[in-house]
Amino acid sequence: MLPQLPFLTVTIIRFILVSTVSLHILLTKRNTASAIGWIGICVLMPALGTILYLMFGINRVRRLAKKLISGRSPYRTSSTQASSWNRELDGQFAPLALMVSKLTSRPLVGSNTIQCLHDGDGAYPLMLEAIEQAEKSILICSYIFRNDTIGGLFIEKLAAAHRRGIQVRVLVDGVGSGYFISETYKRLKREGVPCARFMHSLLPWRMPFINLRNHRKILVIDGKTGFMGGLNIADENLVSQKPTNPVSDTHFKVEGPIVRQLAEAIAWDWFFSAHETLTGDIYFQEHDAKGNALARIVTAGPDTDLEKIEFTLLQAITLARKQVRIMTPYFIPGSRVMSELALAALRGVMVDILIPKKSNHPPLDWACAANISPLLNAGVRVWLVDPPFNHSKLMVVDRAWAFVGSSNLDIRSLRLNFEINMEVYNTELATRLDDFMDKHRHSRLTHHDLDKRSPLIKIRDAAARLCMPYL
């Protein structure tokens, strides 16, 4: 039998554990509900609560980021840095441009060309062609990168580029591209292609990294041409080939000064994962004028970029005068976004939210159904998009400003994931995206639809709503 510790000793140990953990929570947790919850767990179960907090409650990402770079990315171009491409804005969106400049420390740059691409059918051929034509470097990051037919073709093109002397760097997420086994990672390694898995570890004390995912999708060729948006690399995105579970999506090809910001973002992710600093003209180029779009990259994550995408969209909603239109695959935002959308609708702005009739993650649909009534009460119009499941992440305000990229409108995406969006001040692109969303307003969700759910379904949905921060 194990010797029993004296009651006084046990009491002292419990007090030390609870006190130590509670102090750490009080000093580091910004969210009041989260802090109260963790303290309650530790008071009720000192030993188990302490273990759970050490595993799941500490944001080691922010600590690691500060340790690596003293809280500042070596790739962040300051908004005050002189450049002939830097732009200032007048008019309705001037406060937004100024706020995002201060928020991100990135300048708003002009003379960009931004091409909208739909589904893998429209995007993959251009991406593969760009990889084939690369002369110096290829940087690619993808949350999901499968070793299926199209993924295998990407791997072959990347390996061929590596063999001909191109500097190739591939970053895949440690969860999205296979947690226990990543066939893409293994195959790229066999080909000798430098590849890293973002925050992957099987060690129990590093398990919270399961919750912290790199959800970005970026491809940069020679520092000159970039691709970004919501499109993963998988057969399911080739909608025209009618896969079993088709996923429609929207991606963007970009050229011009904005590509440098895109390259800086993926270079930072590579540095974070592989501890290799990418420098030189092969990765970062000076650009010629390509178009007339003003744009800026906005990154967000649980490190030094916390909530920056959320703050950007909140400010944009605040400045809306006529219309806000949002298309997202999952819609379970926090109270701040919900309140701002409701207030916009109440002051006369036409607010349209487009969500799939059925997504690929049913619990998120359940939570959405239990959470969306306040918006309907405020006059927000919610539209259901018919299959195939649409994974696009688009936002347009007054047909003049667009916000596109990898970020969903859910708490996980806005707080836990590493995301990348691009704000674009260009009426041509904004109008095109607005018209695209307009065509996908297939049926309207009403109070009647929510009320006719059975009691058991309502209970299920309400229970899913309690798990919103973790879905």
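Near Tyr330, the amide H atoms lying under 5 Å from its own belong to Leu409; only residues 5 or more places off or on other chains count, and H is placed 1.01 Å from N.
Please identify every one of the trypsin sites (Lys or Arg not before Pro) in the stretch 286-383 that sits in a loop by DSSP and has no more than 16 other beta carbons within 10 Å of its own beta carbon.
Working: sites: Lys290, Arg296, Lys308, Arg321, Lys322, Arg325, Arg336, Arg347, Lys357, Lys358, Arg381; in loops: Lys290, Arg321, Lys322, Arg347, Lys357, Lys358.
Loop-located and lightly packed - Arg321, Lys322, Arg347, Lys357, Lys358.
Which one of Ala367, Pro387, Ala402 has its Cα pushed farthest toward the positive end of the charge dipole of the stretch 335-471, where Lys and Arg give +1 and Asp and Glu give -1 at the Cβ? Positive-end residue among those listed: Ala367. Of the GluC sites (Glu not before Pro) in the stretch 278-379, the ones in a loop by DSSP (not H, G, I, E or B) with at most 12 other beta carbons within 10 Å are Glu286. When all alpha carbon pairs of the stretch 284-359 are counted in 5 Å bins from zero, the resulting P(r) reads 3, 12, 18, 20, 17, 14, 9, 6, 2, 0 %. Couplings for the stretch 192-198, taken from phi via the Karplus curve 6.51 cos²θ - 1.76 cosθ + 1.60 with θ = phi - 60°, read x, 7, x, 9, 9, 10, 6 Hz in order; Gly and Pro are left as x. Summed over the residues of the chain and divided among them, the accessible surface reaches 44 Å² per residue at a probe radius of 1.4 Å.
Database remark: amide H of Gln323 closer than 5 angstrom to the amide H of Met350, Asp398 (H placed geometrically; neighbours at sequence offset of 5 or more, or on other chains; Pro and chain starts carry no H).
Ignoring aspartates and glutamates fewer than eight residues from Lys308 along the same chain, the ones with Cα atoms less than 19 angstrom from its Cα are Glu264, Asp269, Glu340, Asp410, Glu419, Glu423. Helix screen, the chain: DSSP H segments with Cα axial length of 27 Å or more and mean Kyte-Doolittle hydropathy at least -0.5 are 7-28.
The alpha-carbon of Lys186 sits under 19 angstrom from the alpha-carbons of these lysines, leaving out residues fewer than 8 places away in its chain: Lys157.
Sorted into 10 angstrom bins from 0, the C-alpha pair distances of the stretch 327-471 split as 11, 40, 39, 8, 1 percent. For the stretch 118-139 versus the stretch 148-201, the spacing of their alpha-carbon centroids is 15 Å.
For the chain, the relative contact order is 15 percent, taking Cα pairs closer than 8 Å that sit 6 or more residues apart in sequence and dividing their mean separation by the residue count. Backbone amide hydrogens, once placed in the peptide plane, bring Gln167 within less than 5 Å of Ser137, Ile138, excluding anything fewer than 5 places away on its chain.
Our summary gives the stretch 324-393 a relative contact order of 46 percent, counting only alpha carbon pairs under 8 angstrom and 6 or more residues apart. Here r is the Cβ-Cβ distance between Ser339 and Val43 and R0 is 35 Å; the resulting FRET efficiency, rounded to 0.05, is 0.65.
The values are calculated or read from the model by the stated rules, or taken from the named source; none is laboratory data. These numbers were taken from a predicted model, which means no experiment stands behind them. Cβ coordinates were reconstructed from backbone atoms using ideal geometry, including for glycine residues, and neighbour counts include every protein chain displayed. Remember, those area values only see protein heavy atoms, side chains included, never the ligands or the DNA or RNA. Shrake-Rupley method; radii C 1.70, N 1.55, O 1.52, S 1.80 Å.
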